[in-house]
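The values are calculated or read from the model by the stated rules, or taken from the named source; none is laboratory data. Because the structure is a prediction, the values reported are computed rather than measured. All Cβ positions, glycine included, derive from the backbone under ideal geometry; neighbour counts span all protein chains shown. All accessible areas refer to the heavy atoms of the entire protein, side chains included, with ligands and DNA or RNA removed. Shrake-Rupley method; radii C 1.70, N 1.55, O 1.52, S 1.80 Å.
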Amino acid sequence: MLHDGRFDETTGRALLSAAAETTQLAGWMAYDSGEHSVAQRYLIHALDLARAAGDHPLGAEILAAMSHQATYLGDATTAVDLARAAGRTARQAGVRVLVAEAAVMEAHAHARGGDGRACAVSLSHAEQALDRADRSRDPQWISYFDTAYMSAKFGHCFRELGQAKQAEHFAVQSLRMDSRYVRGRTFNLLLLATAHAQQGDCERACASGSQALTLMAQMQSARAVEYLRVLQEKLARHARTPVVRQFNGHVTATIGRRA
């Protein structure tokens with residue numbers, strides 16, 4: 001339709017935005033599957049489509065997604081740059097929830113880079129922006145971004161910085177989420193489990209990890225497997241304790257060599 005269709009400018013912009021949103025979704029699917037170069041190509045293409053549509057809110061959302069992936073891959077510098085670009089675009093669009101999203105992505109990137117001070121500043125900016133957001137005017141595709149989602153991002157920041165007690169606090173809050181988001185709930189349970197493991201609490205770590213494993217049996221996610229691997233690394237020094245041995249056996253039985 002984009003190549004061969006005939007339509008007026010308004011319809012064309014709407015069509016470009018729809019194509020951008022769909023292409024971004026393909027990027028997220030590739031990212032979650034561990035196909036990172038494919039994901040990057042889709043996200044860049046989605047950004048080009050959003051720009052062609054003049055859709056600044058969606059452009060900010062796509063830049064935030066690119067920052068999210070860069071942080072996951074350990075490229076903190078690129079992740080900060082992308083998050084700041086997302087923030088500029090969100091402010092241009094006048095959508096405060098997207099400003100909050102960009103700020104929390106920047107915070108996570110700073111945490112990944114070990115800069116606790118910059119992370120704290122960005123987390124404060126994210127809280128302020130979300131508090132001031134008028135959610136009644138948000139685009140439909142940002143409805144997932146709520147206090148539970150932001151709590152998860154806070155938890156990831158504190159986990160990266162080695163502040164396990166604070167990570168646990170926010171991970172608990174993150175689980176007050178919409179139960180329909182099974183993938184997100186899996187990630188948040190593994191975040192909580194890792195926070196427990198960082199504190200040496202094997203019982204609670206394995207309990208939360210087992211809840212996540214039950215959900216993982218229903219889906220395929222390279223990211224979930226990676227978060228599970230991190231949890232197992234945190235538990236490795238307690239590998240001979242019965243609860244950890246039982247948990248590791250549960251992992252092998254559920255997902256086999258993927259972990």
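Listing for the model above:
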item: Positive-end residue, the chain charge dipole about Cα centroid, Cβ charges, pick of Ala79, Ser143, Gln163; result: Gln163
item: Charge dipole of the chain about the Cα centre (unit charges at C-beta), most positive-ward option of Leu25, Phe187, Val97; result: Phe187
item: Using a Förster distance of 35 Å, the FRET efficiency for Arg237-Asp48 (Cβ separation, nearest 0.05); result: 0.15
item: Normalised convex hull volume, the stretch 1-158, alpha-carbon set, Å³ per residue; result: 103
item: Relative packing of peptides 146-157, 21-32 - highest average C-beta neighbours within 10 Å first; result: 146-157, 21-32
item: Candidates Ala236, Ala120, Ala50, ranked by Gaussian network fluctuation over the chain, Cα under 10 Å, top entry; result: Ala236
item: Ranked packing of 84-91, 10-17, 177-184, 110-117, most packed first, by mean Cβ within 10 Å; result: 84-91, 110-117, 10-17, 177-184
item: Mean shadow area of the stretch 117-259, taken as a quarter of the surface of its Cα convex hull (nm²); result: 9.1
item: Listed residues Asp48, Asp201 arranged by accessible area, highest first, probe 1.4 Å; result: Asp48, Asp201
item: Enclosed volume per residue, in Å³, of the convex hull spanned by Cα atoms of the stretch 1-79; result: 76
item: Degrees, to the nearest 10: 96-112 long Cα axis against longest axis of the chain; result: 40
item: Kirkwood Rh, angstrom, the stretch 106-154 [1 / mean 1/r, Cα pairs]; result: 11.7
